[in-house]
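Encoded as structure tokens, the structure appears first; notes follow it.
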Amino acid sequence: MDQLDIAEDLQQVKDQVAILGARGYDVTLDEAIASTLKRGLQEMIDHRTDGSYYTVKWSANGKRLEVFDIYRDRIGQVEPESDSLVQDFHNSDQLVWNRFDIALRQLISR
């Protein structure tokens, strides 16, 4: 999945799942959304900080994304509005990207 572009909306994620399925990969829509969200938030952080100074990881329960600094200290997280960020993306993909933007402004003062 990492070789694909980061999808901007739910339809693009569905298209990527179809492409991966045609290539023989067994990927669910929710797995593809989770990968898209993690990779997307990581790319947003890297762009804002001009490098890889922070790392994005899924929480242990898989419902929110956490951001760690270069010392591996958790500096913040992006909480879901519903049961999980994946469900939030199903509900409103653009709202999730907007929330990531707002969260990053608070986490990284640059």
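Do we find that Asn98 is surrounded by fewer than 12 Cβ atoms within 10 Å (Cβ to Cβ), modelled with pLDDT of 95 or more and closer than 22 Å to Glu8 by Cβ in this structure? Steps first, please.
Numbers: surrounded by fewer than 12 Cβ atoms within 10 Å (Cβ to Cβ): yes; modelled with pLDDT of 95 or more: yes; closer than 22 Å to Glu8 by Cβ: yes.
When the stated conditions are applied, Asn98 passes them.
Residues are listed down the side, and each one gets a yes or a no for (1) over 15 Å from Leu85 (Cβ atoms); (2) touching a Ser or Thr at 6+ places or on another chain (Cβ under 6 Å):
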residue	(1), (2)
Val13	no, yes
Asp30	no, no
Met44	no, no
Tyr54	yes, no
How many of the residues in the range 47-61 are closer than 23 Å to Gln12 by Cβ and at pLDDT 95 or above? 2
Which numbered condition Ile70 fails, given (1) surrounded by 16 or more Cβ atoms within 10 Å (Cβ to Cβ); (2) of a type in the set (A, V, I, L, M); (3) modelled with pLDDT under 95: (1)
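The values are calculated or read from the model by the stated rules, or taken from the named source; none is laboratory data. In this text the structure is predicted, and so the values were computed from the model without any measurement. For neighbour counting, all protein chains shown are included, and Cβ atoms are generated from backbone atoms with ideal geometry for every residue, glycine included.
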